[in-house]
Each structure stands twice: as structure tokens, then as C-alpha cells.
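Any read-out appearing in this document is the output of simple, stated calculations on the displayed coordinates, not a laboratory observation. What you see is a predicted model; the values in this text were computed from it and never measured. For neighbour counting, all protein chains shown are included, and Cβ atoms are generated from backbone atoms with ideal geometry for every residue, glycine included.
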Amino acid sequence: MNDSAPVLRIAYLYPDLMNLYADRGNVTCLERRCAWRGITTRVQRVEWNDRLREGADLFVIGGGQDRQQELASQGLTAHNADRILAELGAGAAMLAVCGGYQLMAHRYRSADGGELPGLGVFDAETVHPGSGVPRCIGNVVCAWNGARLVGFENHGGRTYLGAGAQPLAQVLRGHGNNARDRTEGAVAGAAIGTYLHGSVLPKNPHLADHLLALALARAAPGYTLPALRDDAEWAAHRAALRAAGLRA
Ligand code: GLN
């Protein structure tokens with residue numbers, strides 16, 4: 001290992017429980033994009049009943065159905081909420097996808113009316129209108145930082161941002177947070193929430209590197225990410241744009 005190369009600590013929250021639609025690919029993408037640059041990653045898998053064993057520079061949590069979210073909410077509340085919030089307060093970054101995103105807001109009212117407490121990372125809350133209401137499903141394209149983000153969504157819950165929340169992106173195709181206000185996801189400091197599955201990072205290399213830069217700002221202050229070629233990643237991005245009916 002190159003002594004001057006950064007080491008990035010990734011805490012992967014509930015990988016077996018919260019892994020809808022291959023969201024584990026986000027962690028694989030981060031690991032590979034670091035390895036290609038000579039950055040060492042240490043991935044700490046935190047399963048349902050685990051406590052965080054060490055700090056982290058980057059937290060990742062994927063999506064899950066209501067039942068898995070109930071267990072994840074219990075695990076967060078019982079073991080890890082305070083530590084995660086403390087790390088985020090100290091500059092750690094986060095990627096929370098769909099069900100994981102919902103649990104990082106204030107609360108999630110599930111399809112059966114149960115209320116799951118969230119960590120309040122994002123000033124937002126989610127209400128599932130019930131199984132009789134059509135889900136938000138399909139390809140999504142959003143405008144983000146002068147570029148576009150692509151992915152697909154499958155969620156029943158509708159997320160409404162509070163006054164203290166910033167959306168991640170603006171929806172160009174698809175539903176986004178609530179199929180009403182054209183917002184997608186949320187940002188709070190170095191934490192990013194999104195409904196984009198896919199997994200989202202491999203075909204949005206600009207978002208992946210944005211997240212890595214946020215996490216490395218804490219892990220290795222002053223370090224600048226060298227560029228990668230990303231031909232395959234951008235080809236996948238363009239294919240997703242076409243799948244959503246937009247010109248690549
Ligand atoms: N169970 C949540 C919902 O239906 C989240 C789904 C997901 O993570 N894809 O909104």
C-alpha cells in the first residue's frame with residue numbers, strides 16, 4: 001500500500017437486509033473507483049443486530065421493502081443512530097437509497113400505516129399512501145449540477161422535503177420524491193439521499209466521484225481525485241437516457 005495514498009473507511013449499513021435492485025453495486029463501484037486510483041478502502045459491513053465497530057468516512061445504505069425497513073429502523077434506533085449522526089456531524093458523507101433514504105429522514109409511514117422513526121439526517125418525511133395507490137415505478141432522468149442523473153425507481157412512499165432540506169436534483173423524466181413537486185432526493189451537508197436504483201453510481205460516474213470527493217475531504221484533506229476514463233460508464237449512462245426516451 002502506498003503510504004501517502006488515502007484510506008477510505010466505508011460503513012455499509014444492513015447489506016443483507018437493505019439491498020433491493022442490486023444497490024450493493026454502489027459499494028462495489030466506490031471500491032473499484034478507489035482501487036483504480038490507488039486509494040485503499042476498508043468496508044465495514046453492519047448487519048441488522050450489529051453495532052458500528054469503528055468510525056466511517058462514508059455511509060452507504062440501500063433500499064428495502066417495508067418489512068426490511070422495519071428491522072433496519074429497529075437496528076438503527078437500538079444500536080447505531082447516535083454514532084452515525086455524530087460521524088455525519090464530523091463531516092462523514094452518506095449515500096442513502098430509497099428505503100434507506102426514507103429511514104434517514106424524520107419518519108416513514110409505511111403502507112400498513114405503521115410509523116418507522118428515521119434519523120432526521122434529511123428534513124423530510126415519507127408517507128406510503130397504501131397498497132391501493134400506484135407505486136412510483138420506471139426510468140428516471142434528473143438534472144443535477146449542470147448534468148443529468150439516470151436510474152430507475154420503484155417506491156410506494158412519497159417523500160416531502162421540509163424547509164431545511166435541499167433536493168438532490170430536478171426530475172426530467174419519472175416521479176422522484178413524490179410525483180408532484182419534481183424534486184428528486186435530498187442533500188444535507190455531505191449526505192445524499194435518492195430514489196435512484198440501478199445501482200445509481202456505476203452509470204453516474206460524476207455522482208460517484210462527487211460522493212468520493214465529499215468523503216475524502218474528511219479522510220484525506222487536500223487530496224484531489226485523479227480523473228478516470230469512464231468510457232463504459234458513460235456508455236451505460238447514455239443507454240439509460242435513451243431508455244427513458246431522451247436523446248443521449
Ligand atoms: N418500501 C419503501 C417504499 O415502498 C421503499 C422501497 C425501496 O426501497 N425500493 O416506498
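Worth a mention:
- Residue 169 long-range amide H proximity, modeled H, under 5 Å: 184
- D_trans [Stokes-Einstein, Kirkwood Rh over alpha-carbon pairs] for region 38-179, 25 °C, 0.890 mPa s, µm² s⁻¹: 154 µm²/s
- DSSP bridge orientation in the chain - percent antiparallel, rounded to nearest 5: 55 percent
- Over all projection directions, the Cα-based convex hull of region 137-238 averages an area of 7.1 nm².
- In order along region 40-55, the phi-based Karplus estimate (6.51 cos²θ - 1.76 cosθ + 1.60, θ = phi - 60°) of 3J(HN,Hα) comes to 7, 10, 10, 9, 9, 7, 10, 7, 3, 9, 8, 9, 4, 8, 8, x Hz; Gly and Pro are listed as x.
- One way to sum up the overall shape of region 1-83 is the equivalent ellipsoid from its Cα gyration tensor, whose semi-axes run 26, 15, 7 Å, largest first.
- Rg and Dmax of the chain, Cα atoms only, in Å: 17.0, 57
- Extended-chain gain in nm, criterion 0.36 nm per residue less alpha-carbon gap, residue 242 and residue 22: 77.1 nm
- A crude spin-label estimate for the pair residue 181 and residue 137, with each label 7 Å from Cα along the Cβ direction, gives 2.7 nm.
- One decimal place: the segment residue 170-residue 230 gains 19.2 nm when fully extended, by the rule 0.36 nm per residue minus the C-alpha distance.
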